[in-house]
Amino acid sequence: MCGIVGILGEDNAPQIALESLMSIQHRGQDSCGILCYNNNVTLKKDVGLVSEVFSHWNVQDGRLAIGHVRYPTIGTDPSRDAQPFYVNYPYGLGLCHNGNIVNYCELREELLEKRRRLQSKCDGELLLNVFAEELIGNDVFQAAENVMNRVLGSYSAVSVIADKKGTLTIFRDPFGIRPLVYGSGKSWVMVASESVTLDKFRMMSEDVTPGEVIIVNGDDIQRKQLRTERHAHCMFEWVYFSRVDSVLEGSSVYKTRLNLGKNLRLDHDVDVVIPVPDTARPAALGFAEEHGLPYREGLIKNRYAGRSFIMGTQKKREEAVSKLNVIKSEIKGKKIALIDDSIVRGTTSRKIVSMIRNAGAKEVHLLSSCPRIVFPCFYGIDFPSKKELIASRGEIHTIGADSVTYQTLDGLQKAIGLQDLCMACLNGDYPVECCTAQFEMMREKEREESIWQEC
């Protein structure tokens with residue numbers, strides 16, 4: 001899971017890309033980068049937050065730029081795996097994407113056999129090389145269609161073709177698993193992972209249709225639907241990943257989270273509702289309103305700690321949780337309804353429940369606005385193994401709460417207001433086939449390497 005942006009038409013496109021990446025920093029904290037084109041290609045990327053990597057950047061002029069923030073779900077070396085990627089042939093081609101390519105291993109072997117050398121283990125570089133290969137002897141539409149026929153998984157991509165004018169190419173996988181929005185003004189166009197980025201520049205946004213390609217060259221904008229499959233939008237975008245003020249597929253993230261709270265059942269007497277900051281706040285508010293209970297802030301998060309779930313290792317996630325603090329006056333002697341967006345690995349939930357108990361809570365009842373996550377995700381959320389999932393292991397009791405209540409599948413769908421969702425991690429219905437065992441083994445090996453590098 002990552003965040004991408006693309007701009008064509010404004011002379012300060014690189015500056016707009018920089019500001020845009022700040023608006024989707026929540027989608028990736030590992031590394032970031034910007035590629036811009038103004039007769040020459042300029043690429044800057046590195047490990048760190050946008051504010052760190054570009055703190056001393058002498059912003060280039062140019063009418064075309066793409067940018068990326070990365071949350072690692074594949075690869076082991078943050079500096080090598082940073083996006084965008086660039087190849088010189090054909091034309092000069094840059095690309096970044098959000099998603100996960102599930103036939104990565106097979107495609108990598110194909111490319112190596114054709115003497116294409118990949119410098120990273122990032123599937124973004126692989127997608128670029130497949131696209132580059134298909135562009136030889138084909139127009140952009142045909143090349144993109146060939147990519148969709150070869151590449152399996154989730155990918156929302158934006159590409160720079162460094163021809164005479166500079167071409168911006170946008171495409172989204174046929175299932176629409178990862179979000180992608182597009183907007184156009186009088187003299188420029190913009191694409192991004194979330195609508196909040198376009199809101200920042202007062203630009204109306206629309207969803208890029210799954211299986212669609214958009215080609216922008218100067219004032220010429222061409223759109224074409226290349227593939228049609230059943231749509232499978234990732235439910236976790238609404239539950240956790242996207243910014244609360246975004247709108248995805250016409251459904252407000254804020255209203256969804258509010259309704260997720262309203263759809264949670266109340267099975268125990270409680271005195272107060274407290275959210276786990278920050279994502280669960282709307283759900284906690286909806287729950288409190290629905291059941292006529294007081295809502296209080298009982299956990300305060302250091303705003304500079306970052307999002308714990310998208311941190312690359314368990315050690316980093318645990319360090320982030322330690323940066324929460326309890327308001328004891330709101331906890332002591334009370335029966336607490338503790339609302340969280342989801343329960344995935346259980347490690348953070350266990351620590352937070354322990355903090356609440358140590359602050360003097362009489363009872364702690366944990367409620368998850370997301371149903372039980374019992375299957376791995378292979379499309380861009382970083383839990384590719386059942387071994388990591390506490391609900392799959394049947395160890396919910398180890399969290400230490402007096403009770404644990406989950407959202408229902410029906411409650412989730414009603415809250416989002418869509419039926420065409422990917423809920424594979426909840427029900428095992430995977431929209432794209434993949435060799436799950438091979439992918440799971442690859443990610444487990446990468447995790448071991450990441451832990452070794454951190455020690």
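Some notes on this structure:
- The number of residues in the stretch 259-294 being closer than 22 Å to S193 by Cα and crowded, with 16+ Cβ neighbours inside 10 Å comes to 3.
- Within the stretch 258-277, none of the residues are closer than 29 Å to Y430 by Cβ, part of a loop (DSSP other than H, G, I, E, B) and of a type in the set (D, E).
- Residue, surrounded by the fewest Cβ atoms within 10 Å (Cβ to Cβ), within the stretch 200-234, restricted to residues that are in a loop (DSSP other than H, G, I, E, B) and hydrophobic (A, V, I, L, M, F, W, C): M204
- Members of the stretch 133-167 found to be of a type in the set (A, V, I, L, M), in contact (Cβ under 8 Å) with a residue 60 or more places away in the chain and touching an Asp or Glu at 6+ places or on another chain (Cβ under 8 Å), listed by number: A144, M148, L152
- Residue check for A82: touching an Asp or Glu at 6+ places or on another chain (Cβ under 9 Å), buried (at least 24 other Cβ atoms within 10 Å of the Cβ) and in the same structural domain as V151 (by TED's automatic domain parsing): yes
- Taking the stretch 210-234 as the range and being in contact with a strand residue (DSSP E or B) (Cβ under 6 Å, 6 or more places away or on another chain) and either closer than 18 Å to L418 by Cα or of a type in the set (K, R) (or both) as the test, the residues that pass are P210, R223, K224, A232, H233, C234.
- Subset tally (residues that are over 19 Å from the mean Cα position of the chain (by Cα), crowded, with 22+ Cβ neighbours inside 10 Å and hydroxyl-bearing (S, T, Y)) for the stretch 346-382: 2
- Answer residue from the stretch 116-163, given it is under 19 Å from C32 (Cα atoms) and polar (S, T, N, Q) and is surrounded by the fewest Cβ atoms within 10 Å (Cβ to Cβ) among those: Q119
- Only one of T197, T256 that is farther than 30 Å from I161 by Cα, in contact with a helix residue (DSSP H, G or I) (Cβ under 7 Å, 6 or more places away or on another chain) and buried (at least 20 other Cβ atoms within 10 Å of the Cβ): T256
- The set of residues in the stretch 391-415 that are out of contact with any helix residue (DSSP H, G or I) (no Cβ under 6 Å at 6 or more places or on another chain), closer than 13 Å to G261 by Cα and among the aliphatic types (A, V, I, L, M) contains only L412.
- Within the stretch 124-131, not a single residue is in the same structural domain as D220 (by TED's automatic domain parsing) and assigned to a loop (DSSP other than H, G, I, E, B).
- Some residue of the stretch 36-51 being crowded, with 20+ Cβ neighbours inside 10 Å, touching a residue at least 24 places away in the same chain (Cβ under 8 Å) and touching a Ser or Thr at 6+ places or on another chain (Cβ under 6 Å): yes
- Checking D278, D199, D207 one by one, the residue that is of a type outside the set (F, W, Y), modelled with pLDDT of 95 or more and under 17 Å from the mean Cα position of the chain (by Cα) is D207 and no other.
- Helices (runs of 4 or more DSSP H) (entirely within the stretch 44-115) containing at least 2 residues that are aliphatic (A, V, I, L, M): 50-53, 104-113
- Within the stretch 372-422, the residues that satisfy the criterion of being among the polar types (S, T, N, Q) and in contact with a His (Cβ under 8 Å, 6 or more places away or on another chain) are S403, T405.
- Qualifying positions in the stretch 383-414 - crowded, with 20+ Cβ neighbours inside 10 Å and either under 20 Å from the mean Cα position of the chain (by Cα) or farther than 22 Å from S242 by Cβ (or both): F383, P384, E388, L389, I390, A391, I399, A401, V404, L412
- Residue list for the stretch 164-187, filter: more than 20 Å from F131 (Cα to Cα) and surrounded by fewer than 20 Cβ atoms within 10 Å (Cβ to Cβ): G183, S184, G185, K186, S187
The values are calculated or read from the model by the stated rules, or taken from the named source; none is laboratory data. Computed from a predicted model, the values in this text were never measured in an experiment. Cβ: placed from backbone, ideal geometry, glycine included. Neighbour counts: every protein chain shown.
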